[in-house]
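Enquirer: Following this message is one structure expressed as structure tokens.
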Amino acid sequence: MTVKKKALGKGKSKAAHKKKKDMTKGERIFAFLKSKLLSIILAGIQFVVTIIFLSFLLYLNVLPVKYFLPLTLVLLLLAAYTFLTAQSKKFRTFGKLLSIVFTVLWSVGIYYVGYVNGMFGAVSGADTKTDIINIYVLKEDSAKSIEDARDYTFGILSNLDRENTDKTISAVNSKIGREITAKEYESWPEMIKALYNREIQAIILKSAFVNTIIETEGFETFADDTRVLYENKIVTQLNTNTNKDLTSNVFTIYISGIDVYGAINTTSRSDVNILAVVNPDTRQVLLVNTPRDYHVPLAMNGNPLDKLTHAGIYGIDMSMNTLGNLYGISADYYFRINFSGFTKVIDALGGVEVNSEYAFRTNDGRYSFKKGINNLNGEQALGFARERYALAGGDNQRGKNQMAVISAVISKMASSSLLNDFSGLMNSLEGSFETSMSSSQISSLVRMQLNEGGSWNVVSYAVAGGNSSSASTFSMPGTSIYVMEPDYSTVEKAKELIKKVYDGETISGADTQ
């Protein structure tokens, strides 16, 4: 009997082999699609993709443990289930479909988690500033390159930004193989006039000064009258990173709003200057606005008086330290926002609800806002935040409006609606936003918000200016320009509010009146 059974088995095997051999190519493909082997392969791919997806989530480190562990269990059970269906002819086809669907879903998840992690890395950990020092000649000048200007006399500023000027002179000397001839001037108006009068053939000047120059009477056409012959980019390491646990310690962020093209870390004037004092234990955020024209001592040798906005010309660290000195604190981190790009952030959030203290129409007539809650898209929010001429409070009220927009964005980002267009939000951050906070610190804040949920108590306070006057400033010596003299009673009030946040007290809107 045993011999007979073996013979029968061999015969059956030979018959099956012959049948398989006699199959057409299409029949073999169809048989493979129905086979147990394909089910095992698809389930194996699903398992590998599942592990990679979970590893990416773990590395991103934004999902609280109470969510991550159940998610891990569910995904692994799904992978185990598709393996089990491979053993059953009845459910094998269904299991294959599940494996394909789950593999696609987790692959998409890997892409987005990787994208978010890359974006966190791109916008966080900012620790450098870039100064662009240009050599300008008159537009009709015949020189085509810096080598053509080797015999020119170059105008330079004797005091302003002298270190970067000297670095640029060294770079030019090295490039042309000889020392250039330089003539010093006390102020840029004096130096530019000398260029216009052809007393000198070129000037060396930081590009961050240009916006200030073209807003000065008599120099409005500077950008049209000149061209850049040579550009020198100087990258400087900043010492602004602080390793705090942001989920348990009070921290202060300097929010700088700029409107420039090019790299976000390029030094430029700061038109928005807000300190955000954050207490994660009490979930309290205090926004303190300081007008851009505030006449304050710069945090440099001699503490010369200048407009606050001009501090940004010398780097974001100068703005941070100048405000820190004004309020008697140390700004831990900075967020730098390109407000033109900020419109994309608001649009990606689906718009924001902004509370306006007054009804007004922008000076250009494009937008109107009612008193109370306004539903604004990105462009409308930017118009709301920029306007000052149509407001009785001028720059003081503009600062309050800017804080209202930022407060609305914080509230929207703390809500579930953040997920409406998450990829769009990530795209909007690129090139328009950077922070000195590390990616791990950002992850910890996101994880805390997901874990605890709920809203934050965001209140705003704007310091005011007393007597406005015209004065000569450090950045514009010899030129009388508009400045806002600080009302130091409001500065003291801001200091009191900041101390309350640090002490764990809850601030209401009445406290900021």
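Enquirer: Identify all residues within segment 470-513 that are of a type in the set (Ser, Thr, Tyr), closer than 22 Å to LEU160 by Cβ and more than 30 Å from the chain's Cα centre (by Cα); write none if there are none. If you could, list the steps in order and put the result at the bottom.
Expert: Kept after step one, since they are of a type in the set (Ser, Thr, Tyr), are these residues of segment 470-513: 470, 472-473, 475, 479-480, 482, 488-490, 502, 506, 508, 512.
Remaining after also requiring closer than 22 Å to LEU160 by Cβ: 470, 472-473, 475, 479-480, 482.
Scanning segment 470-513 gives SER470, SER472, THR473, THR479, SER480, TYR482.
Enquirer: For segment 455-477, which positions are touching a strand residue (DSSP E or B) at 6+ places or on another chain (Cβ under 7 Å) and either farther than 30 Å from ASP511 by Cβ or aromatic (Phe, Trp, Tyr) (or both)?
Expert: Matches in segment 455-477: TRP456, TYR461, SER469, SER470, ALA471, SER472, THR473, PHE474, SER475.
Enquirer: Run down THR242, THR165, THR153 and say which single residue is closer than 30 Å to TYR327 by Cα and surrounded by 13 or more Cβ atoms within 10 Å (Cβ to Cβ).
Expert: Numbers: THR165 fails: closer than 30 Å to TYR327 by Cα; THR153 fails: closer than 30 Å to TYR327 by Cα.
Unique residue meeting the criteria: THR242.
Matching residues to (1) within 24 Å of SER55 (Cβ to Cβ); (2) open to solvent by less than 80 Å² (accessible area, probe 1.4 Å):
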{"residue": "PRO70", "(1), (2)": "yes, yes"}
{"residue": "VAL74", "(1), (2)": "yes, yes"}
{"residue": "LEU78", "(1), (2)": "yes, yes"}
{"residue": "THR82", "(1), (2)": "yes, yes"}
{"residue": "SER88", "(1), (2)": "no, yes"}
{"residue": "PHE94", "(1), (2)": "no, no"}
{"residue": "LEU98", "(1), (2)": "yes, yes"}
{"residue": "VAL104", "(1), (2)": "yes, no"}
{"residue": "TYR112", "(1), (2)": "yes, no"}
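Enquirer: Of all residues in segment 431-478, which are open to solvent by 60 Å² or more (accessible area, probe 1.4 Å) and part of a loop (DSSP other than H, G, I, E, B)? Break it down stepwise before answering.
Expert: Going residue by residue through segment 431-478, those that are open to solvent by 60 Å² or more (accessible area, probe 1.4 Å) are 440, 447, 450-452, 455, 467-468, 470, 472, 478.
Passing the criteria: SER455, GLY478.
Enquirer: Show me the helices (runs of 4 or more DSSP H) found entirely inside segment 307-360 where at least 3 residues are under 30 Å from SER472 (Cβ atoms). Break it down into steps so the answer makes sense when it comes.
Expert: Working: elements: 308-311, 316-327, 339-348.
In segment 307-360, the matching helices (runs of 4 or more DSSP H) lie at 308-311, 316-327.
Enquirer: Determine, yes or no, whether ALA385 is modelled with pLDDT under 90 and among the small types (Gly, Ala, Ser). Quick ask: steps written out before the conclusion?
Expert: Details: modelled with pLDDT under 90: yes; among the small types (Gly, Ala, Ser): yes.
Against the criterion (modelled with pLDDT under 90 and among the small types (Gly, Ala, Ser)), ALA385 qualifies.
Enquirer: Which of the residues that make up segment 479-513 are under 30 Å from LYS206 (Cβ atoms) and open to solvent by 80 Å² or more (accessible area, probe 1.4 Å)? Please lay out each step first, then the result.
Expert: Pass one, segment 479-513, residues under 30 Å from LYS206 (Cβ atoms): 479-486, 491.
Of everything in segment 479-513, those that are under 30 Å from LYS206 (Cβ atoms) and open to solvent by 80 Å² or more (accessible area, probe 1.4 Å) turn out to be SER480, TYR482.
Enquirer: Restricting to segment 343-378, count the residues that are closer than 30 Å to GLY315 by Cα and open to solvent by 20 Å² or more (accessible area, probe 1.4 Å).
Expert: Within segment 343-378, residues that are closer than 30 Å to GLY315 by Cα and open to solvent by 20 Å² or more (accessible area, probe 1.4 Å) number 2.
Enquirer: While we're looking at this one, here's another question. Name the residue that is modelled with the highest pLDDT, counting only residues in segment 292-342 that are farther than 15 Å from LEU160 by Cβ, of a type in the set (Gly, Ala, Ser) and crowded, with 24+ Cβ neighbours inside 10 Å. So that I can check it myself, show each step before the final result.
Expert: Looking only at segment 292-342, we keep the residues that are farther than 15 Å from LEU160 by Cβ, and these are 292-297, 299, 303, 308-309, 316-317, 319-342.
If we keep only those that are of a type in the set (Gly, Ala, Ser) as well, we get 299, 319, 324, 328, 330-331, 340-341.
If we keep only those that are crowded, with 24+ Cβ neighbours inside 10 Å as well, we get 319, 331.
Working: SER319: 95, ALA331: 92.
Filtering segment 292-342 for residues that are farther than 15 Å from LEU160 by Cβ, of a type in the set (Gly, Ala, Ser) and crowded, with 24+ Cβ neighbours inside 10 Å, the one modelled with the highest pLDDT comes out as SER319.
So that you can scan it fast, the table gives a plain yes or no per residue for (1) modelled with pLDDT of 95 or more; (2) part of a strand (DSSP E or B):
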{"residue": "SER142", "(1), (2)": "yes, no"}
{"residue": "LEU160", "(1), (2)": "no, no"}
{"residue": "THR165", "(1), (2)": "yes, no"}
{"residue": "SER170", "(1), (2)": "yes, no"}
{"residue": "ASN173", "(1), (2)": "yes, no"}
{"residue": "GLU179", "(1), (2)": "yes, no"}
{"residue": "GLU184", "(1), (2)": "yes, yes"}
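The values are calculated or read from the model by the stated rules, or taken from the named source; none is laboratory data. Just so you know, these numbers come straight off a predicted model, no measurement behind them. All Cβ positions, glycine included, derive from the backbone under ideal geometry; neighbour counts span all protein chains shown. Heavy atoms of the whole protein, side chains included, go into the accessibility calculation; ligands, DNA and RNA do not. Shrake-Rupley method; radii C 1.70, N 1.55, O 1.52, S 1.80 Å.
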